[in-house]
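Report on one structure; see the data block that follows.
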Amino acid sequence: MIEPPAKPVLLGLLGAPIRHSAAPRMHEAAGAHCGIRVHYQLIEVAEASAATLRMLLGSIRMIGFAGINVTFPYKEAVLPLLDSLDDTARAVGAVNTITIRDGRLYGHNTDTTGFEKALREEIARIGQGPVALIGAGGVGRAVGFALARLGIGEIRIVDRDTAKAESLARDLSASCHAHACADAESACDAAEGVVNATPVGMLPSTALPIPAKLLRQEQWVADVVYYPLVTPFLAAARAIGATTATGRAMTVHQAADAFQHFTGIKPPLAPIQEAFDAVIAARAG
Ligand code: NAD
């Protein structure tokens, strides 16, 4: 008798818009390398109310998903619908990964662990000097907590919505000296690093989040935006000889960490990187 094939591990991504996401290819590539058949479903639902999100998460649990990633605009909205949060997700106040065990939903934030690992990998020497963080939205919060975990002593936060910058500064204050800055000039003054955590520079945007003249050669400059890989902001930093980190490593590490949460297996990074590069190349071509 022919054995039926093992059931695939069901994973997915909840958010909108997500049709260009590299997540399906990255997770399926990680699974293929670990001998796990993965089916990764895009669950694109726009403008879901709390009631709709509750219903979607209930369905995901009933269908038998091992877990899902969550992206814009639901990373904060799903929080009250989960049974438990890990320490990072609770601190950040946002979830990008939900695992499902015995019918219970657990929230994690691998944007934080992903950015932390990416910066360690990309920037040879991270000191403890001030870092300017531009953007205090979902990803900005995750980056802020990653910077604190990296031992950065002072985080200067700029957001055009000052309430968001102030709220993040308050939440970080237990772990480092964090404060909201009224303008990018004062945030970047003698800063050791500058991080763009806004969507500015993500195509079709070709703008810079802050004026290029605020960057200096001796700084490290990181961008969370990954399309294009070298944003106008990073191009300006490279032009003056600053050390740069693109959004690629963060994307790859957050996917690898999420895969480990879903399956209990730490995947190799190379197939995830290759899958990411193939998606970006196809999108550009
Ligand atoms: P968000 O809308 O939650 O937050 C963006 C924040 O930036 C907002 O608070 C907004 O007020 C602020 N902002 C926008 N323009 C600004 C400017 N010129 N100056 C100061 N503040 C400004 O968005 P998000 O979910 O945090 O996503 C941000 C970017 O991160 C997106 O482009 C997204 O694609 C990218 N992202 C990358 C990864 C990765 O793994 N590399 C993961 C998730 C998201």
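The values are calculated or read from the model by the stated rules, or taken from the named source; none is laboratory data. Given the structure is predicted, the values throughout are model-derived calculations rather than measurements. Counting neighbours? That spans all protein chains shown, and the Cβs are built from the backbone with ideal geometry, glycine included.
Okay, here's what the table says:
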quantity	calculated
Some residue of region 128-146 being touching a Lys or Arg at 6+ places or on another chain (Cβ under 7 Å) and modelled with pLDDT under 95	yes
Leading residue by the ranking (nearest to Leu14 (Cα to Cα)) among those in region 31-55 that are assigned to a helix (DSSP H, G or I) and under 22 Å from the mean Cα position of the chain (by Cα)	Leu53
Test set (1) within 11 Å of the ligand (Cβ to nearest atom); (2) touching a Pro at 6+ places or on another chain (Cβ under 6 Å) - Glu154 fails condition number	(1)
Flag for Asp161 being within 9 Å of the ligand (Cβ to nearest atom), surrounded by fewer than 24 Cβ atoms within 10 Å (Cβ to Cβ) and either more than 18 Å from the chain's Cα centre (by Cα) or of a type outside the set (S, T, N, Q) (or both)	yes
Val92, sole failed condition from (1) within 16 Å of the ligand (Cβ to nearest atom); (2) out of contact with any Phe, Trp or Tyr (no Cβ under 8 Å at 6 or more places or on another chain); (3) among the hydrophobic types (A, V, I, L, M, F, W, C)	(2)
Filter result for Thr88 (crowded, with 24+ Cβ neighbours inside 10 Å and under 19 Å from Val143 (Cα atoms))	no
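Residues are listed down the side, and each one gets a yes or a no for (1) within 15 Å of the chain's Cα centre (by Cα); (2) outside any loop (DSSP other than H, G, I, E, B); (3) not assigned by TED's automatic domain parsing to the domain that holds Ala258:
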{"residue": "Met62", "(1), (2), (3)": "no, yes, no"}
{"residue": "Glu76", "(1), (2), (3)": "yes, no, no"}
{"residue": "Ala89", "(1), (2), (3)": "yes, yes, no"}
{"residue": "Val95", "(1), (2), (3)": "yes, no, no"}
{"residue": "Ile100", "(1), (2), (3)": "no, yes, no"}
{"residue": "Leu119", "(1), (2), (3)": "yes, yes, yes"}
{"residue": "Ile126", "(1), (2), (3)": "no, no, yes"}
{"residue": "Val143", "(1), (2), (3)": "yes, yes, yes"}
